[in-house]
Amino acid sequence: MTEASEFIAAPLWGAIVVGARAWLVPAAVALVVALATLAWGYAQTRGSFRLRLTAATLKALGMALLVVILLDPLWSSSRVRPGENIVVVLADTSGSMQVRGADGSSTAEVFRKQLADERLPWLVRLKQDFDVRRYTFGERLEPAASLETLTFDSRSTNLNAALSALAERFAGRPLAGVVLFSDGTATDAANAGTKLPPIYPVLPPSSAAAVDVTLLNVATTQTGFEDAPVTLMAEAQAVGVGDEPLVCQVLDEAGKVVQSQEQTAGDGEPAAFRLQFRPAKPGLSAYQVRVAAKSQLAVFDKPDATREATLANNRRLVQVDRGRGPYRVLYVGGAPNPEHKFLGRSLAEDPQMELASLIRIARREPKFDFRSRSGESTNPLFRGFDKTNEETERYDQPVFVRLGLKDENELRDGFPKTPEQLFAFHALVLDDVEAELFTTEQMSLISRFVSERGGGLLMLGGPDSFEKGLFAKTPLADVLPVYLQRTVESRPPAVEGYRFQLTREGKLEPWLRLRANEADEFKRLDEMPPFRTLNHVSGIKPGATVLATAVDATGAQQPALVVQTYGRGRAAALMIGDLWRWRLKVAPENQDLEKMWRQLVRRLTTVVAGRVEATAEVVAEEAGGAVRVAVRARDAAYQPLENAQVRLEFKSPDGKTLTVEAEPSRREAGVYETSYVPRADGAYRVAAKVVDGAGAEVGRTEAGWTNNPSADEFRRLTPDVAALEALAKQTGGETVRPERLEAFAAELIGRPAPEMQQQLLPLRYTPWVFALAVACLAGEWGLRRWRGLP
């Protein structure tokens, strides 16, 4: 074989390269001269044009082949280097592989036949050219010495995590491809940034289950609606049950049905459920959501009696956190009034609410000196009274009554002056107070209380509220959702009063509704008594939402309730100043006002952060359903707390506990993290205790999550062939039918691989090339003699 003077990379199917490139120019010149002579000679020859053209073509082709042979042409091709490339056979061992279709077969049975014996023809052929490695996956990727005895009992199909782990494990090594045996129903999220080798999925049977009911999705939302604060949305799908209705039930931790709903949907069509209920206790509660055909509800107690493909996808667990409280509310009143009385009575019925009150009973008066004694600045009437508990009141200071305090020192000096004092509360209610009651620093502190602390602020109407209280050019003007410029015309109060009406946006807020249905809610609004005190504002801020209006007898509307988000917290402006009239105008058994107050205050406090917060989130990019627990710790001024000790106690569904220390986060100050991998289905809880650097306890909290791998695994019972085809196309592989495995193994050697070898075959020694040249020249000679050409 003559070595090629210059290697030209050939595609996988081969290419022709020139071995003797030094002869390329002389050969080309000789060929051109020979062809020109040939053309001139035949031009001078007598005979038909077709005959001369045919003879000249045969001779030209023969001469060209001889010149090509002179250049030493080589046939260059590439093929896989035997034994130096790795092919992984990856088998899915998840439980969904055992689901039987309408024809009675399962994916596990079909694939087991292709993997049951190492002497199967396709495996033998594959091992002739490749280094075959065997792996299984379900919850995690695991190497396997053999695939002959597979047990399909894994609780999840972490397909994407397994492929990513393979790519990482064989990084820098000649991995030619992955032969994948799976139904394609992955329960984990795809890793978009991972570069995968060619994937060759073996197609599973696509027969659907004959009878099955699946609980597809469950989501919960919490609202301020007191009667049913938890709304659960569920979506189910049934196959093979006909027109029989589906029943969705919610069960508490004791197994008691707390809510149930019935829906009818077509075969294969989704059925949506919306269930509302009130948790029996504060804090974390686990609920089981289950769905079945109406006639099959008993199967949950007798699983063997079911005619469904599986019951693992009929139920899911959810966690509901109603908070533990207590949520502290600071009420600041400009004067004693019925509003405080009814607010206090309302919150007293809520065990998670605590109301602390600071009520002014005497305004600040001008300072002057009493001449009775030198240096005495207080009223002589107070002379001789005991001063050990409180300082004697001065005429130039307002006089407050303090109620509902934690201890005798709380609010001793009036309204809080430091973040540590004010940030101990979750919400602040300002009732008919003017700006002069606060210093500029105190109003800036209120602004920080909402924006940084995340607290809730509610300002009520009254003679000294809003623009009448001269708040327009104070730090509180930025916090409130309404403009307070002194451009509002002085308007006399409406003689007939103002009717309270919800806007379109207000009707969508659950915490503003006091009835369970729309008709009763409209009736309630129509029966509400009119109010007579209303503060008019000059405008609504762009980011604010008007939830209610006050309508006078002429139909003119004025904003009555406006809310907005300010920083981390919420601010609300209720321009009505005599809500207490509502209580006086209705029957004693009517508790609408009390219920409204509780729902409004809950709205202000439910999102307020504590000094210690814990979250538990499933890490989508990690295999095995790992959960990242993060604890956020803050000091008394609600700044990130560093150098803290955070102890976490995990509690699994079987009651076992595990205590670990959380590590400081590298991404954010004051955050401490750890990871936990749940192993069983059920509800998990984690209790966090934070201790500062001085050894003082900062606070405790808890978080929870549910682990539903079985429900996720059987969420789809039909193999996802489309996902497998997309995976093959994305990675440059192809799908393979089980009956073509042997042919596929033989063809794989001709596909691109990391380790390839080049083959060069000299064509001039190939008999057919020289024979073709001789045949062309002999054909031309014979044609000339046959036709009598010279």
Could you tell me the distance between the Cα centroids of the range 297-331 and the range 567-616, to the nearest Å? 30 Å
With the 1.4 Å probe rolled over protein heavy atoms, the range 249-370 has an accessible area per residue in Å² of 49 Å²
Within the accessible area of the chain, what % is carbon and sulfur when the probe is 1.4 Å and the other protein chains stay in place? 52 percent
Under the definition of Cα pairs under 8 Å and six or more residues apart, what whole-number percent is the relative contact order of the chain? 16 percent
What accessible area per residue comes out for the range 167-217, rounded to a whole number of Å², with a 1.4 Å probe? 37 Å²
Would you mind getting the accessible area per residue of the range 111-158, heavy atoms of the protein chains only, 1.4 Å probe, in Å²? 49 Å²
Counting only other residues whose beta carbon sits under 10 Å from that of Ser465, what net charge do I get with K and R as +1, D and E as -1? -4
If unit charges are put on Cβ atoms (+1 for Lys and Arg, -1 for Asp and Glu) and the dipole of the range 40-106 is taken about its Cα centre, the option from Leu90, Ala102, Thr45 lying farthest towards the positive end turns out to be Thr45
Relative contact order for the range 438-490 using alpha-carbon pairs under 8 Å, separation at least 6, rounded to a whole percent? 35 percent
Which of the aspartates and glutamates could be linked to Lys59 by a straight reach, that is with a Cα gap under 16 Å, when you skip same-chain ones fewer than 8 residues away? Glu780
Report Ile199's accessible area, 1.4 Å probe, all protein chains in place, as a number in Å² to the nearest 10. 0 Å²
Within the chain, which DSSP H helices have Cα atoms that stretch 27 Å or more along the helix axis and a mean Kyte-Doolittle hydropathy of at least 0.0? 24-44, 49-70, 767-787
Can you sort Arg100, Arg402 by 1.4 Å-probe accessible area, starting with the largest? Arg100, Arg402
Report, ordered by chain and residue number, the lysines lying within cross-link reach of Lys281, taken as a straight Cα distance under 16 Å and ignoring same-chain residues fewer than 8 apart. Lys256
Do any of Lys113/Lys195; Lys406/Lys656; Lys406/Lys689; Lys473/Lys541; Lys523/Lys595 go past 27 Å between their Cα atoms, and which? Lys113/Lys195; Lys406/Lys656
If I compute Rg and Dmax of the Cα atoms in Å from the structure I just sent, which labelled value in [x] 41.9, 158; [y] 31.1, 109; [z] 28.6, 91 lines up? [x]
Going by accessible area, probe 1.4 Å, with all protein chains left in place, what is the ranking of Thr149, Thr605, largest first? Thr149, Thr605
Which loop-located GluC sites (Glu not before Pro) does the range 649-752 contain, where loop means any DSSP state but H, G, I, E or B and the Cβ has at most 14 other Cβ atoms within 10 Å? Glu668
Could you pull the accessible area for Ile69 with a 1.4 Å probe, rounded to 10 Å²? 30 Å²
How would you classify the range 30-148 from its alpha-carbon gyration tensor, with a ≥ b ≥ c the square roots of the eigenvalues: rounded for a/c under 1.5, else prolate if a/b is greater than b/c, otherwise oblate? prolate
Name the aspartates and glutamates eligible as straight-distance cross-link partners of Lys294: C-alpha to C-alpha under 15 Å, and not fewer than 8 places from it in the same chain. Asp212, Asp243, Glu244, Glu262, Asp267, Glu308
How do Val479, Val67 stack up against each other in accessible area, from largest to smallest, with a 1.4 angstrom probe? Val67, Val479
C-alpha center-to-center spacing [the range 18-63, the range 631-706] in angstrom: 90 Å
Once all protein chains are kept in place, Leu215 shows an accessible area at probe 1.4 Å, nearest 10 Å², of 0 Å²
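The values are calculated or read from the model by the stated rules, or taken from the named source; none is laboratory data. The shown structure was predicted, so the numbers you read here are calculated from the model rather than taken from an experiment. Glycine also receives a Cβ, built like all others from the backbone with ideal geometry; neighbour counts cover every protein chain displayed. For accessibility, only protein heavy atoms count, side chains too; no ligands or nucleic acids. Shrake-Rupley method; radii C 1.70, N 1.55, O 1.52, S 1.80 Å.
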